[in-house]
1. What FRET efficiency would be calculated for the residue pair residue 40, residue 251, taking the C-beta separation as r and a Förster radius of 35 Å, to the nearest 0.05?
2. Take each of the peptides 212-218, 226-232, average the number of other beta-carbon atoms within 10 Å over its residues, and list them starting from the highest.
3. Take 146, 187 and order them by how many other Cβ atoms sit within 10 Å, fewest up front.
4. Computed FRET efficiency, Cβ-Cβ of residue 47 and residue 198, R0 25 Å: what is it to the nearest 0.05?
5. How do 63, 263 rank when sorted from fewest to most other Cβ atoms within 10 Å of their own Cβ?
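Any read-out appearing in this document is the output of simple, stated calculations on the displayed coordinates, not a laboratory observation. On a predicted model such as this, the values are computed, not experimentally measured, just so you know. Cβ sites come from the backbone with ideal geometry, for glycine too, and all protein chains shown count toward neighbours.
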């Protein structure tokens, strides 16, 4: 029997979560599969689906109330869309803190950090995988209503101010990039601070500050922390109409706002990675 035959018959080491590996998991797809399988059956997904239902239910009730109004100023697609978009600044940091703290708790209770290291993964790799799963989960809580609200509003005869494709895509992309930034910071706090209540407290404070930037007309300060990105890169412009009702339209250059949110996302993710690497080097 030659060497190649012996190599092909080498037994594959089973992984406790059902993903076979020969020596170590080195592909991003495999790492993501391991993370998702690890969370299978845990309260993480119940929490995630609960968040999605909560945001969509709130958006539905707000839309039903707006649909019942006889004023044309209240029945605009951008106003209905912007109403959902504004919930991100308050809820996203809190939801991100809950998701990331749950992921870290599951790791510590099941000693998954040792299992990850046995697969040849350092803390940086673990951080990126966890961030990907949590960020996508968080963003979907807001992207789902940001997609179905304008579609239903258009079918119900709401007035459209601006390009329909931009009305959907600009806030969706901004929310996704902001979700990654918020998740990166909250996950970094969960991994570096032993008391999980600290991350949740930071999330609550960040959410309150983030939602207050718009009313105080200091949205540019939102670039200074992840929870404020949605306010700083808001693709909607709110003004007061002659009838006294709020009027919301797209800003002149919504794609510039989207690009700026992407830049902020990369910056805050890089900052989080640097802190994780420093922590890893001191171990």
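1. Step by step, r from the Cβ atoms, then E = 0.25.
2. 226-232, 212-218
3. So the residues, fewest neighbours to most, are 146, 187.
4. That pair, residue 47 with residue 198, gives E of 0.85.
5. 263, 63
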